[in-house]
Amino acid sequence: MEMAELEQKVCKILADNLSVPEDQVTPSARFQEDLDADSLDLVEAVLALEEEFGVTIPEEEMEGVRTVGQAIQLVAAKLGVAA
Amino acid sequence: MSVRGSEWVPEAEATIALVTGASRGIGHASCLALARAGLAVAVGYRSDPEGAEEAVAKATAEGVRSLAVSIDVRDEGSVDEAFKRVERELGPVRVLVNNAGFTRDGLAVRYSTENWDATLDTNLRGAFLCSRRALAAMLKARWGRIVNVASAAALRGNAGQAAYSASKAGLVGMTKSLAREVGGRGITVNAVCPGFVATRMTEPQSEEIRQRYVEMTPAGRFATPDEVAAVIAFLAGPEASYVNGATIAVDGGLTA
């Protein structure tokens, strides 16, 4: 999978799970401040990402994730997709 | 089943319940009560497959799908296996009744660490492991019911039950926290606190002790498992949609 495709897929899943329009879900968007996501929203989004990509994302690795871009990087690293 | 907000719309496909510790007692009776309400029922058991099969037969006789499933709630792997089997053969668990319980009474001063751990492992850790496993799918469905079978011993101390009351009070605390975590997603988490119930767990007690318990209870008798199961089935049903994080005593007035 190409990085651009991965980015698109992750953004789509996040938009669906956080119930926000897709055009707001950009790499620089911050979950809490820009997308109004609380901790449970984030957990649900992670569950959806895990299911879609068949990866496991431990809680510890989620701790520093504040933006959509960081979430994309996390999934990319799990899948071995280069930037 | 389809879900719109907190509105519950049952369709032809029945809601699926998993009851742990269901080969006997309150769990067994709960399977039947849930089956009567039209739910498909997975009968969780650890040591008594015959009792579980009996519950399956009773549920099936009510016209719902039912399945006996081996589950050791203390063991994460066993919990996952059991859920997978239910998901495969019945469907996703929408109602979880954490009923599996353990008690061994003894005064704290001589109470063994092993018994303390065994009590907490089944009653508290077990309920957590099952709830955690159930929640992901419930969140996704935006609908779910968790009913934790605590005890009057969570509300009032009993000499000889330090471990048991600690585990059940812990379960009440967990109930309230989970209710706050997932209450915005159409999921409710409640606890029932039975008083003295005529089950295998209370059988070993001497006649003298039983008599003392009866005297403590305004109802003047033990409960039948069905009387507790009725409240569990209510909490699992659509009518209880606004009951969340509640601790409901079903104790004949014992803690009143």
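On inspection, B:S78 does not qualify as closer than 12 Å to B:L18 by Cα and of a type in the set (S, T, Y). Here B:W8 fulfils each of the conditions (1) assigned to a loop (DSSP other than H, G, I, E, B); (2) at pLDDT below 95 apart from (1). Just the residues that are buried (at least 17 other Cβ atoms within 10 Å of the Cβ) and among the hydroxyl-bearing types (S, T, Y), please, taken from the range B:105-132. Within the range B:105-132, B:Y111, B:T119, B:T122, B:S131 meet the criteria.
The condition (being in contact with a Ser or Thr (Cβ under 8 Å, 6 or more places away or on another chain), charged (D, E, K, R) and at pLDDT below 95) is satisfied by just one residue among A:E44, A:E50, A:E61: A:E50.
One residue is enough: does the range B:165-184 have a residue meeting the conditions within 14 Å of chain A (Cβ to nearest Cβ), touching a Ser or Thr at 6+ places or on another chain (Cβ under 9 Å) and within 24 Å of B:C31 (Cα to Cα)? The answer is yes, given that some residue of the range B:165-184 is within 14 Å of chain A (Cβ to nearest Cβ), touching a Ser or Thr at 6+ places or on another chain (Cβ under 9 Å) and within 24 Å of B:C31 (Cα to Cα).
Restricting the range B:199-220 to residues that are in a loop (DSSP other than H, G, I, E, B) and surrounded by 15 or more Cβ atoms within 10 Å (Cβ to Cβ) leaves a set whose member that is farthest from the chain's Cα centre (by Cα) is B:T217. Listed by position, the helices (runs of 4 or more DSSP H) enclosed by chain A that each have at least 1 residues that are within 13 Å of chain B (Cβ to nearest Cβ) and within 30 Å of B:G183 (Cβ to Cβ) are A:3-18, A:39-53, A:59-62. For the range B:133-157, a residue qualifies if it is more than 14 Å from chain A (Cβ to nearest Cβ), part of a helix (DSSP H, G or I) and surrounded by fewer than 20 Cβ atoms within 10 Å (Cβ to Cβ), but none of them does.
Among what's in the range B:72-90 and is outside any loop (DSSP other than H, G, I, E, B) and of a type in the set (V, I, T), pick the residue that is farthest from B:A137 (Cα to Cα). The extreme case among them is B:V79.
The values are calculated or read from the model by the stated rules, or taken from the named source; none is laboratory data. Please read all numbers here as calculations on a predicted model, not as lab measurements. Quick reminder, even Gly has a Cβ in these numbers, built from the backbone with ideal geometry, and neighbours come from all protein chains shown.
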